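Step one of this worksheet: look at the structure below.
The values are calculated or read from the model by the stated rules, or taken from the named source; none is laboratory data. Just so you know, these numbers come straight off a predicted model, no measurement behind them. Here the Cβ positions follow ideal geometry from the backbone for every residue, glycine too, while neighbour counts run over all protein chains shown.
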Amino acid sequence: MRAFRVAYDGRPFYGFQRQPTVPTVEDALLDAVRALGLSPEEGLPSGYAAAGRTDRGVSALAQTVGFRCPAWCSPAALNSELPADVRAWARADAPPDFHATHDAAEREYTYDLYAPDVDDGRVAAALARLCGEHDFHNLTTDDEGTVRVLTGAVARDGDFLTFSLAATGFVRQQVRRVVSLVHTVGRGAPLAAVERVLAPGAVPGEEGVPPAAAEPLVLTGVAYPGLDFTVDEEAAERSRVLFDDRAVDGRVRARVAGRIRDGMR
């Protein structure tokens, strides 16, 4: 068995999990594996599993997939068949029974929230109340398995607040709804709103917490005790160049948008 770290820009994809009619990250990965002759035309490679199922628009640094493959299968080999938005950059030899989903001890997400107009102290207080073991049934669309142990931190970086949230696993949209709720409190909503969301009763739909936007969310860490990942330096360097190009493109787009905005005054 071998595990691979995979980074991707989630904006062009309809989430990670494969779907029949729209492009997903998993489709791209499985197409690459098939192109390398490592799986049948139909079905999955032997032992295949992934660490998580990110939503549409969510990106990743440390998505992890595992499957059985020969020694020559490297991140660089996978990248030769992957689209530029999806890059493998590290690998680890894993035990024969390794399962990328079930063996993950912790998953970490990072969210960059544009928030120049909030009270940082209120944000920190709201997040602290949400950390620990709670039933997050009012912060997800899932109907079961909603009790989770959340750890988190938030730090100011200019106009942005950077949230780092970790748990063994997350229920659907949990991170984005946590950020949304904390943002609301930071802008003046009472801290009692957090208590209401954590209470046993269901919060009516019109009073519920909508998810924050998907694009600022990144899966930044997945921990596997005893698994030692080795960075493929060639694959990682080429991947850094590709993502640097995207960073420059983002800055250019922001400058153009700012020029149009300022020209209307």
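Residue 161: in the same structural domain as residue 183 (by TED's automatic domain parsing), touching a residue at least 12 places away in the same chain (Cβ under 8 Å), farther than 18 Å from residue 53 by Cβ and not acidic (Asp, Glu), yes or no? Judged against the criteria, residue 161 is a match. Can you tell me which residue within segment 171-180, out of those that are surrounded by fewer than 22 Cβ atoms within 10 Å (Cβ to Cβ) and of a type outside the set (A, V, I, L, M), is nearest to residue 114 (Cα to Cα)? In this case the residue turns out to be 180. Of the set (1) in the same structural domain as residue 169 (by TED's automatic domain parsing); (2) without any contact (Cβ under 8 Å) to a residue 60 or more places away in the chain; (3) of a type in the set (Phe, Trp, Tyr), all apply to residue 111 but (2). I need a count of the residues in segment 39-54 that are surrounded by 20 or more Cβ atoms within 10 Å (Cβ to Cβ) and part of a strand (DSSP E or B). Within segment 39-54, residues that are surrounded by 20 or more Cβ atoms within 10 Å (Cβ to Cβ) and part of a strand (DSSP E or B) number 1.
Determine if segment 231-250 includes at least one residue that is touching a residue at least 24 places away in the same chain (Cβ under 8 Å) and either outside any helix (DSSP H, G or I) or closer than 30 Å to residue 136 by Cα (or both). The answer is yes; a qualifying residue exists. The set of residues from segment 222-254 being among the small types (Gly, Ala, Ser) and surrounded by fewer than 17 Cβ atoms within 10 Å (Cβ to Cβ) comprises 223, 226, 247, 250, 254.
Yes or no, residue by residue, for (1) touching a strand residue (DSSP E or B) at 6+ places or on another chain (Cβ under 7 Å); (2) under 23 Å from residue 165 (Cα atoms); (3) among the acidic types (Asp, Glu):
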site: 218; (1), (2), (3): yes, yes, no
site: 239; (1), (2), (3): yes, no, no
site: 249; (1), (2), (3): no, no, yes
site: 264; (1), (2), (3): no, no, no
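Residues in segment 120-147 that are closer than 20 Å to residue 187 by Cα and exposed (fewer than 14 other Cβ atoms within 10 Å of the Cβ): 120, 121. Looking at 155, 92, 71, 76, just one residue is of a type outside the set (Ser, Thr, Tyr), part of a strand (DSSP E or B), assigned by TED's automatic domain parsing to the domain that holds residue 236 and surrounded by fewer than 21 Cβ atoms within 10 Å (Cβ to Cβ), and that residue is 92.
Listed here are the residues, each with its yes/no results for (1) in contact with a strand residue (DSSP E or B) (Cβ under 9 Å, 6 or more places away or on another chain); (2) part of a strand (DSSP E or B); (3) in contact (Cβ under 8 Å) with a residue 12 or more places away in the chain; (4) not assigned by TED's automatic domain parsing to the domain that holds residue 55.
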{"residue": "118", "(1), (2), (3), (4)": "yes, no, yes, yes"}
{"residue": "125", "(1), (2), (3), (4)": "no, no, yes, yes"}
{"residue": "138", "(1), (2), (3), (4)": "no, no, yes, yes"}
{"residue": "142", "(1), (2), (3), (4)": "no, no, yes, yes"}
{"residue": "150", "(1), (2), (3), (4)": "yes, yes, yes, yes"}
{"residue": "177", "(1), (2), (3), (4)": "no, no, yes, yes"}
{"residue": "182", "(1), (2), (3), (4)": "yes, no, yes, yes"}
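With respect to residue 28, is the statement that it is part of a helix (DSSP H, G or I), modelled with pLDDT of 95 or more, under 23 Å from the mean Cα position of the chain (by Cα) and not acidic (Asp, Glu) true? Yes.
Restricting attention to segment 104-126 and to residues that are of a type outside the set (A, V, I, L, M) and in contact with a Leu (Cβ under 8 Å, 6 or more places away or on another chain), the residue that is nearest to residue 179 (Cα to Cα) turns out to be 111. For segment 34-62, the tally of residues that are of a type in the set (A, V, I, L, M, F, W, C) and under 13 Å from the mean Cα position of the chain (by Cα) stands at 6. If you check 66, 57 for being part of a strand (DSSP E or B) and either among the hydrophobic types (A, V, I, L, M, F, W, C) or touching a residue at least 60 places away in the same chain (Cβ under 8 Å) (or both), only one passes: 66. Just one of the numbered conditions (1) among the polar types (S, T, N, Q); (2) in contact with a Phe, Trp or Tyr (Cβ under 6 Å, 6 or more places away or on another chain); (3) within 17 Å of residue 164 (Cβ to Cβ) is not true of residue 146: (3).
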